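Q: Have a look at the structure that comes next, please.
The values are calculated or read from the model by the stated rules, or taken from the named source; none is laboratory data. As the structure is a computational prediction, the values presented were derived from the model and not from experiment. Glycine gets a Cβ as well: all are built from the backbone with ideal geometry, and neighbour counts include every protein chain shown. Each accessible area value is taken on the protein alone, full model and side chains, heavy atoms only, with ligands, DNA and RNA left out. Shrake-Rupley method; radii C 1.70, N 1.55, O 1.52, S 1.80 Å.
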Amino acid sequence: MAADRYTRMVTFFKVALPLIALAILSTLFLLSSRIRPGDNIPFAETEIDERIRGQQVTGPFFSGVTSRGDRISFSATNVVTGEDRSQEAHDLNAQLDFSTGGSVTLEATRGKIELGNDMATLLGDILIDSTTGFRMVTNTVITSLTGIDVTAPGEVRATGPAGTLTAGQMRITSNETNGNVEILFSGGVMLVYEPGKQEK
Amino acid sequence: SVAQGTSVAFGTLQQDPNAPVELAADQLAVDQASGTAVFTGNVLIGQGEMRLSAARVKVIYAENQNGIERLEATGGVTLVSGQDAAEAARADYNIESGVIVMTGDVLLTQGTNALTAERMTVNLESGTAQMSGRVKSILQPGGD
């Protein structure tokens, strides 16, 4: 008796289990969450208008070598062509490597680039870092794009190996006599050096 | 009177060598390759009571680039501290040791009398100065 009850149970399961599996499988796709391919690229309307409004270059990179062998490279997050045909760059940074040794990097929040007259005007709080250990902060810098000529017409505050310094203006260019590139602070320079602070 | 070495008191005593040093000038040129810094155009070095003016001052850094070892002042130098004044062609101010070495026809004026010499070493901390090399003192006759 017990034997055929067992076989009857087995034959019952042989049919019932695959049916249940089939039922689960078929409802699986009905219950899954809707994937709407249309809207999984999130962007805001303003972004589209901005893109349409002016020509824009994202992540521009510009580099070159001057006749004297100094390497110059500019990069920015984007450059937008303004109404008056001028290019406005955002988060601009430049790297100048001098053939005579040493290098300078410039970082600015904003810059107007005029390729026509080989000039870029950096605005916002500009940080200029030099391998001589001098770090300079100013608010306007005019630099040539194809040669080594960086001018900060306004007041410059700097910290360096020789202490903290303020100057009326600053220019980075090659010295006429020995041809080496130098940072020339002028318009009254005031440097304060704290001998006590140096670790002996 | 000619003497080989004369030591005189110079300026105010106990000048603190760790007092901040101020350099003012018309221009400062920092060479990008070597990093040397040269002040030009009526340069004035000030520390505490001491004032050292010169036409050109070159900054010599300490070896490991942290801080200044000495200042080379050239092109005619005038050192004033308290009511004493000294003139020379050149002065080397070693900031770490607080010693100024003036060379090239040094003229030291203290009140009415004056001393000339080839070389003068001023120790700011102790307020003393050693003059050497054909030291001649010029006494003002007359007076009280």
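Q: Looking at (1) surrounded by 14 or more Cβ atoms within 10 Å (Cβ to Cβ); (2) part of a helix (DSSP H, G or I), which one does A:Ala108 not meet, given that it meets all the others?
A: Only one criterion in (1) surrounded by 14 or more Cβ atoms within 10 Å (Cβ to Cβ); (2) part of a helix (DSSP H, G or I) is unmet by A:Ala108, namely (2).
Q: Mind checking which pairs have a first residue in the stretch A:58-74 that is closer than 13 Å to A:Gly147 by Cα and a second that is open to solvent by less than 80 Å² (accessible area, probe 1.4 Å) and β-branched (Val, Ile, Thr), Cβ under 6 Å, 6 or more apart or different chains?
A: Close Cβ pairs satisfying both conditions: A:Gly64/A:Ile72; A:Asp70/A:Ile148.
Q: Next up: Evaluate the stretch B:106-114: report whether one residue or more is within 13 Å of the chain's Cα centre (by Cα), open to solvent by 30 Å² or more (accessible area, probe 1.4 Å) and more than 14 Å from chain A (Cβ to nearest Cβ).
A: Yes.
Q: What is the number of the single condition among (1) open to solvent by less than 40 Å² (accessible area, probe 1.4 Å); (2) modelled with pLDDT of 90 or more that B:Thr78 does not meet?
A: (1)
Q: Among what's in the stretch B:78-121 and is part of a loop (DSSP other than H, G, I, E, B) and not hydrophobic (A, V, I, L, M, F, W, C), pick the residue that is farthest from B:Gly46 (Cα to Cα).
A: Of everything passing the filter in the stretch B:78-121, B:Thr112 is farthest from B:Gly46 (Cα to Cα).
Q: Can you tell me which residue is farthest from A:Ala94 (Cα to Cα) among those in the stretch A:172-200 that are crowded, with 19+ Cβ neighbours inside 10 Å and more than 7 Å from every other protein chain (Cβ to nearest Cβ)?
A: Among them, the one singled out is A:Ser174.
Q: Within the stretch A:131-171, which residues are within 8 Å of chain B (Cβ to nearest Cβ) and either open to solvent by 50 Å² or more (accessible area, probe 1.4 Å) or within 25 Å of A:Glu88 (Cα to Cα) (or both)?
A: A:Thr131
Q: Let me ask something else. Tell me which residues, restricted to the stretch A:77-105, are in a strand (DSSP E or B) and open to solvent by 50 Å² or more (accessible area, probe 1.4 Å).
A: A:Gln87, A:His90, A:Asp91, A:Asn93, A:Gln95
Q: If you go through the stretch B:20-54 one residue at a time, how many are open to solvent by 50 Å² or more (accessible area, probe 1.4 Å) and within 19 Å of A:Gly187 (Cβ to Cβ)?
A: 5
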